[in-house]
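These notes are about the structure you will find just below.
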Amino acid sequence: MTRPIHGGNLNWAAQLAGCSPSVILDFSASINPLGPPESAIAAIKRGLSSVSHYPDPNYPQLRETLAQSHNISPEWILPGNGVAELLSWAGRELADLDAVYLLTPAFRDYYRALQGFGATIKACPLDIPKMRFQSAKPQDFPLEAPETKNCGLILNNPHNPTGQLFSRQAILPYLEQFALVVVDEAFMDFLRPEDQESLLEDVAQYPNLVVLRSLTKFYTLPGLRMGYAVAHPQQLNQWQQWRDPWAVNSLAAEAAIAVLPDRSFQEQTWQWLETARSRFYHDLMTIPGISPLPSAANFLLAATEIPASQLQAQLLQQAQILIRDCLSFPELGEGYFRTAIRHPQENAKLQQALQTICRR
């Protein structure tokens, strides 16, 4: 089988490990290990009768629930079939500009969305080795001014794959310099509201700003595909004209409506992550040849002296554990791997397996 460019491909991993996919302990996909929440499961069961009907293409209840969650008008929200679908329409719009500035290493779907519409991409490399000595607190990032204002910028915050959180104040000046700025906040929910560096509150002031959010990672619903865009209604209306009228299936909509007000699950997630991330980071620091970066997200990027694909294969064959190699990030290659943060006992299992391999 072809090596996957995304995490979570358990069939590929099982072939390499020589076991059933159900045995694989998956650290390659950065998904909340606590969910799906009971509120989502109950909503899906209640909504089963709705699958025999087309959903309302305007998704009024879903948009209203999202609007209440962010204290904005429903007209400023467009639900989508995951952030990946919405990136396609952002890519179509960005491709009309002279160039698109992209912080690298970057999520592969950004390239898919941009290259699919013939965009001119200008890579803006981050200093990854320097990040190993920074904290997980909000940071600035260097970005040269565009040659003309008719350029776009796409970035994610917290950044994937580094986990770096960029400060809102560091991003705001670029809204004056670029014709269109797309900020992917797919992992922002993993921070408590008071710790977030979101630009959602700035969308009304900047018609050239689009913020993308995901519900699949935080609420463990990747199979349902649920994301949304927050932007000026005129822009979202154009995206709606480009896409399939029923982008979100009815069960995904029901689950989203149920989980957004689920404060108990949100608090449980924040408590788990704050403890598990700190312990896992310090445990990885003790392993010879492994150097994790501080992270504000639910995953860690780590430098490795053992080639990442070799380390990945050994973990699969010896412990049935799947980590994410970084070969799909050309700037990282064999020198880094990414691992999700899971339950403490599972994190300990990975740490022990790495200790065994790296000390040989």
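Computed from the coordinates by the stated procedures, all read-outs in this text should not be read as laboratory data. Keep in mind it's a predicted model, so treat the numbers as computed, not measured. We place every Cβ from the backbone using ideal geometry, glycine too, and count neighbours over all the protein chains shown.
Hey, got the dipole for the chain? About the Cα centre, +1 on K and R Cβ, -1 on D and E Cβ, debye to the nearest 20?
Magnitude of the dipole: close to 1040 debye.
Placing unit charges on the Cβ atoms of the charged side chains and taking the dipole of the chain about its Cα centre, the candidate lying farthest along the positive direction among 275, 162, 87 is 275. When the chain is treated as a Gaussian network with alpha carbon springs shorter than 10 Å, the biggest mean-square fluctuation among 70, 232, 53 belongs to 53. For the chain, set up a Gaussian network in which alpha carbons nearer than 10 Å are linked by springs, and say which option among 197, 334, 267 fluctuates the most. Greatest mean-square fluctuation among the candidates belongs to 267. The alpha-carbon of residue 45 sits under 26 angstrom from the alpha-carbons of these lysines, leaving out residues fewer than 8 places away in its chain: 217.
Over the range 277-360, what relative contact order in percent results from Cα pairs under 8 Å that are six or more residues apart?
Working: 122 pairs, mean separation 26.8, N = 84.
This gives 32 percent for the range 277-360.
Springs between Cα atoms under 10 Å define the GNM used for the chain, and in it the highest mean-square fluctuation of 201, 144, 64 occurs at 144.
Got the relative contact order for the range 145-259 handy, in percent, Cα pairs under 8 Å and 6 or more residues apart?
Numbers: 156 pairs, mean separation 23.2, N = 115.
With pairs under 8 Å counted, the relative contact order is 20 percent.
Of the residues 337, 224, 60, the one whose Cα sits farthest toward the positive end of the charge dipole of the chain, with +1 on the Cβ of Lys and Arg and -1 on the Cβ of Asp and Glu, is 337. Label zone (residue 108, point 7 Å along Cα-to-C-beta; backbone nitrogen cut-off 12 Å) within the range 6-44: 6-9.
Take every pair of alpha-carbon atoms less than 8 Å apart whose residues are at least six positions apart; their mean separation over the length of the chain yields a relative contact order of 24 percent.
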